[in-house]
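Below is one structure, written out as structure tokens, with a few remarks after it.
The values are calculated or read from the model by the stated rules, or taken from the named source; none is laboratory data. No experiment lies behind these values; they were computed from the predicted model shown. Every residue, glycine among them, receives a Cβ derived from its backbone with ideal geometry; neighbour counts consider all protein chains shown. Remember, those area values only see protein heavy atoms, side chains included, never the ligands or the DNA or RNA. Shrake-Rupley method; radii C 1.70, N 1.55, O 1.52, S 1.80 Å.
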Amino acid sequence: MPPWLEYASGTLLVAGAFFYFAGTVGLLRFPDVYTRLHALAKADNLGLGCVLAGLALQAETLAAALKLLLVWPLALAASAGVGYAIARRADALGIAPWTRDKSK
Amino acid sequence: MTGLELPVALFLLANLAAALLRAARGPTAADRMLAALLFGSTGVGVLALLAHAGGGTPLIDVALTLALLAAITGVAFARRAWRAGQPPTKGDDDAPVA
Amino acid sequence: MLNTVLRRGAGFAFLWWVLAEGSTVAWGLGAVAVAACVAASLRLLPPRQGTFSLAALIAFVAFFLWQSMRGGLQVAAMALSPRPGLSPCMLDYPVALPPGPPRLLLVASLGLMPGTVGVRLDDDRLRLHVLDARLPAAAEAKALEAVIARLFGRRTA
């Protein structure tokens, strides 16, 4: 593997770890279920995308790389479905979204 | 292999543990459902990393299958986008819960 | 009809090649699987009129990648900043796309776009949760709708 490819792959892996970390921090810090959903749906999925892209760069064959990248849309579909279900459930349960004025 | 796979996988696992504890604490049922979301993204990421950290390519198949099964949950919500002009029927899980 | 069968067959064969990681050992099984997939897909999703354009697909994927990167960076910045500048609000957004796949794709992608998450879809009204009321969420949703409409060979009103 050429060194530049190794660096690119490592950079993507670290970027992925960063987004996962940001997602977790958002989950811990954000005030209500809707905002926490934003943190997980966006940051974690981008983190997964970075990790998969980083690993795909190391793949030995084109097919193996594409297979890794195939995981991403599936995971996105899953998170879109589950994320929507959570938001709708929260809405049906009558959970009011947190707002700035309410906290003051 | 860049040698980063295992550390990153462990880091994600630590994230998953922290996030799961948070999600399990609630306070609402919807919060606890966030755990399902976590397995979809973090779980798959950890599996793919472990495959490259020496776990072997079968783990990629596991990650792919996990993502595929998780994607099926999207079916329930797809129904809603498909039909138009129908009011929520009785017994629909949209009905407000006391 | 034949055109559709050939196109879908090629698509599934490509998928098989990817899943088998380029190995040709099980191509017999692959042929059976591809044939079964084409048959199932014809039943579940009959060929329809409509123009599929590769340019529109590339435009959608590029738009999606760019926006999800923006969305991820934005939410990461908010989560990590010492004082998260959150001012969430709900937004009722009138959906212009027709029901079916276009609408499904819209609600699914909005969850990854900067600042928006779909909460519920009733008829043509989509309730969105917006992370920051100062964001141009409606305009971004409109832009996404236009890209999706082009993907399905339609124009938004």
Q: Can you send over the solvent-accessible area of C:SER81, 1.4 Å probe, protein chains only, in Å² to the nearest 10?
A: 30
Q: Indicate the helices, whole DSSP H runs only, in chain C that combine a mean Kyte-Doolittle hydropathy of 0.5 or more with a Cα extent along their long axis of 30 angstrom or more.
A: C:54-80
Q) Looking at the square roots a ≥ b ≥ c of the eigenvalues of the Cα gyration tensor of the protein assembly as shown, which shape do they give, rounded for a/c under 1.5, prolate if a/b is larger than b/c, or oblate? A) oblate
Q: At 1.4 Å probe size, with no ligands or nucleic acids counted, give the accessible surface of A:LEU28 in Å², nearest ten.
A: 90
Q: Once you have a ≥ b ≥ c as the square roots of the Cα gyration tensor eigenvalues for region B:5-82, tell me rounded if a/c is under 1.5, and otherwise prolate or oblate according to whether a/b is larger than b/c.
A: oblate
Q) Using a 1.4 angstrom probe with every protein chain in place, what is the largest-first accessible-area order of C:MET78, C:MET1? A) C:MET1, C:MET78
Q: Please give the average number of partner chain Cβ atoms lying within 10 Å of the Cβ of each residue in C:107-115, rounded to a whole number.
A: 6
Q) Using a probe radius of 1.4 Å on protein heavy atoms only, what is the accessible area buried between chains A and B, both sides summed, to the nearest 100 Å²? A) 3900
Q: Identify which of A:ALA85, A:ALA15, A:ALA53 has the largest mean-square fluctuation in a Gaussian network model of chain A, with springs joining Cα atoms closer than 10 Å.
A: A:ALA85
Q.
With a 1.4 Å probe and all protein chains kept in place, how do C:ARG83, A:ARG89 rank by accessible area, largest first?
A. C:ARG83, A:ARG89
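As a test of the definition: with a 1.4 Å probe, what buried accessible area, both sides summed, do you compute for A against C, in Å² to the nearest 100?
Chain pair A/C: roughly 3100 Å² of buried accessible area.
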Q) In what order, largest first, do C:GLU21, A:GLU60 sit by accessible area if the probe radius is 1.4 Å? A) A:GLU60, C:GLU21
Q) Roughly speaking, to the nearest percent, how much of the protein assembly as shown's 1.4 Å accessible area is carbon and sulfur? A) 70
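When the helices in the protein assembly as shown are scored as -39500 (n - 2.57) per DSSP H run of 4 or longer and the sum is shared across all residues, what 222 nm value do you end up with, to the nearest 500 deg cm²/dmol?
The per-residue figure over the protein assembly as shown is -21000 deg cm²/dmol.
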Q: Could you pull out the trypsin sites (Lys or Arg not before Pro) across region C:1-98 that fall in loop regions by DSSP (anything but H, G, I, E, B) with no more than 16 other Cβ atoms inside 10 Å?
A: C:ARG48
